[in-house]
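Colleague: Can you read through this structure? Questions will come right after.
What follows is calculated from the coordinates using simple rules that are stated; it is not laboratory data. Every value quoted in this text rests on a predicted model; they were computed, and no experiment measured them. Virtual Cβ from ideal backbone geometry, glycine too; neighbours counted across all protein chains shown.
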Amino acid sequence: MNIKKICIIMVLVFGCLFLFFVGEMSVTDDLYDGVEFAFYQSGKKLDTMPNQNNEEGVVFLRSDCTNGALVEWNYENWNNFKVINLSDSKTTCSFYFGSKEEKICNDSGLESAACYFANKEDDDLIYDDTYDTNLRYIGLTPNNYVYFNCDESRENCETWRIIGVMNNVTEVSEDGKNIETLGSHLKIIRDKFEKSYSWDSSERGVNNGYGVNEWSQAAIEKVLNDEYLNRRTGSNRCYKSSGISIETCPDWETVGIKDDARNMIANIKWNIGTIDEGWLSNFFENNEKFNANVVYGSERSSHNGKELCEAKGGDYCNDVVVRNKTWIGKVGLMYPSDFGYAVGMDVRDVCLGKSIRLYYTDNCATSDWLYDPSSNQWTIMPIPRPENASYVSYIHSSGFVSYNRTDYNYTIRPVVYLKSDVKIVDRDYSDYGSSNHPFELEF
């Protein structure tokens with residue numbers, strides 16, 4: 001018996017019909033009899049809602065409802081959206097769909113850097129197969145270089161790389177009101193960072209000195225979002241090896257983020273989830289199912305790096321750090337899925353169908369611009385283990401995703417999302433975006 005029939009039977013006794021109109025519900029057959037729906041695609045009205053991931057590549061753009069009702073859209077499963085704040089008045093909800101390019105330009109603005117790339121013709125710039133349909137640079141040598149962190153004269157710039165345009169990213173206002181806005185943002189990563197550090201470290205009595213795998217409290221997170229971001233020397237410390245062994249930090253006033261660049265960086269709600277226990281065996285057994293798409297979903301899960309150790313009574317998970325599934329901040333690290341989806345050339349389809357733990361085979365890593373054979377690179381995602389709450393994923397110099405304790409010393413490559421009103425300077429270079437002529441930003 002469905003919800004509607006139960007309510008009709010019980011309405012005289014419990015007033016269920018009223019609750020039916022004002023409650024929050026997943027969509028099932030005839031659940032929203034009190035709501036009229038209208039569907040539009042690129043300005044044309046449709047008789048029914050378009051299919052998800054159809055051949056035309058249609059994506060959801062936005063929705064509008066009357067009487068103060070709101071739609072909580074489910075990008076992963078369109079049929080499970082919710083309509084909330086319903087009243088007993090007749091309500092109409094209009095849904096707007098369009099192309100992937102329309103979505104990016106609608107969410108970020110026609111003049112934005114994100115929209116610029118959405119309309120750019122480049123064989124090395126393609127949409128991924130995630131439910132967010134992100135636009136990514138792929139291959140070994142894409143022209144995705146960008147000048148960033150320049151001085152006031154717009155000279156002496158650093159060279160960064162564009163990971164891509166990420167959709168359905170939550171930006172959080174910095175005015176104290178914590179207003180959240182969903183949009184599309186350009187995501188960039190520093191090309192080279194000379195130093196390697198511990199992701200985290202701890203005293204010997206905490207997780208045996210191996211550190212804590214929670215990004216919001218990680219030692220390197222504090223350094224990146226305080227001293228590095230604000231170009232100052234303070235109380236934060238750089239660590240190398242276990243037991244809070246201190247390493248001398250760089251001169252952040254020289255190598256930190258300058259004022260103009262800092263003003264371009266968006267305050268973002270990052271996903272810091274991880275693999276659940278059910279998928280863990282696939283990860284460690286190098287199962288082909290643990291591919292980039294599965295990793296992408298794991299990063300957005302509610303699981304954390306400590307729950308398995310706590311459940312199994314492990315020896316090294318005695319920290320008291322609260323685990324979170326999201327973190328709000330400006331400077332992070334790449335995701336394992338960023339590395340997974342950056343693979344290109346003629347091996348892309350083969351590599352996207354295999355575990356990211358196997359990217360050292362079939363030329364996957366050597367067809368991936370985020371791969372660095374000279375160093376191990378930290379990522380932001382924790383890895384749960386039954387014995388220890390100190391493991392984090394990283395990109396191995398041999399070309400695959402692995403994991404290790406946070407106190408190990410690996411390369412740190414800062415990653416940021418740019419604000420929507422950051423633009424690309426129009427230049428008439430045939431190789432614009434190459435290492436010879438990186439893209440230029442203005443704000």
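Colleague: Using only alpha carbon pairs under 8 Å that are at least six residues apart, calculate the relative contact order of the chain and give it in whole percent.
Modeller: 16 percent
Colleague: When the expected Rg is taken as 2.2 N^0.38 Å, what fraction or multiple of it is the alpha-carbon Rg of the stretch 131-191? Intermediate values should be presented prior to the final figure.
Modeller: Values: Rg = 14.7 Å, N = 61, 2.2 N^0.38 = 10.5 Å.
This ratio for the stretch 131-191 stands at 1.40.
Colleague: For the stretch 383-390, in order, what is each residue's ³J(HN,Hα) by Karplus, 6.51 cos²θ - 1.76 cosθ + 1.60 with θ = phi - 60°, in whole Hz (x at glycine and Pro)?
Modeller: Computed from phi, the couplings for the stretch 383-390 are 10, x, 9, x, 9, 8, 9, 10 Hz.
Colleague: Using Cβ counts within 10 Å as a stand-in for footprinting exposure, how do Met381, Met345 rank, fewest first? Intermediate results must be reported in sequence, preceding the final value.
Modeller: Working: Met381 26, Met345 16.
Ordered by Cβ neighbours within 10 Å, fewest first: Met345, Met381.
Colleague: Length gain on complete extension for the stretch Ser402 to Asp428, per 0.36 nm per residue less the alpha carbon to alpha carbon distance? Walk me through the intermediate numbers first.
Modeller: Values: separation 26, 0.36 × 26 = 9.36 nm, distance 4.16 nm.
Separation in residues times 0.36 nm, less the Cα-Cα distance, equals 5.2 nm.
Colleague: Just to be sure I understand: with springs between alpha-carbon atoms less than 10 Å apart, which residue in Asp251, Asp407, Asp226 has the highest mean-square fluctuation in the Gaussian network model of the chain?
Modeller: It is Asp251.
Colleague: Return the inverse of the average 1/r over all pairs of distinct C-alpha atoms in the chain, which is the Kirkwood hydrodynamic radius, in Å to one decimal.
Modeller: It is 23.5 Å.
Colleague: Charges only on Cβ, +1 for Lys and Arg, -1 for Asp and Glu: so what's the dipole of the chain about the Cα centre, in debye to the nearest 20? Working shown, then result.
Modeller: Numbers: 43 positive and 67 negative charges, 184 e Å.
My answer is approximately 880 debye.
Colleague: Can you give me the convex hull volume of the Cα atoms of the stretch 349-432, divided per residue and expressed in Å³?
Modeller: Details: hull volume 14.5 nm³, N = 84.
Each residue corresponds to 172 Å³ of Cα convex hull volume.
Colleague: A follow-up question, please. Of Ala311, Val415, Ala38, which is farthest along the charge dipole of the chain in the positive direction, counting Lys and Arg as +1 and Asp and Glu as -1 at C-beta?
Modeller: Ala311
Colleague: Further question on the same structure: Once you put a point 7 Å from the Cα of Gln217 and another 7 Å from the Cα of Ile84, both along the Cβ direction, what distance in nm separates them?
Modeller: 2.8 nm
Colleague: Straight-line reach from Lys45: which aspartates and glutamates have Cα under 16 Å away, leaving out those fewer than 8 places along the same chain?
Modeller: Leaving aside aspartates and glutamates fewer than 8 places away in the same chain, those within reach of Lys45 are Glu36, Asp64.
Colleague: Oh, and also: Restricting to DSSP loop positions (anything but H, G, I, E, B) with no more than 16 other Cβ atoms inside 10 Å of their own Cβ, which trypsin sites (Lys or Arg not before Pro) remain in the stretch 287-344?
Modeller: Details: sites: Lys289, Arg300, Lys306, Lys312, Arg323, Lys325, Lys330; in loops: Lys289, Arg300, Lys306, Arg323, Lys325, Lys330.
Filter output for the stretch 287-344: Lys289, Lys325.
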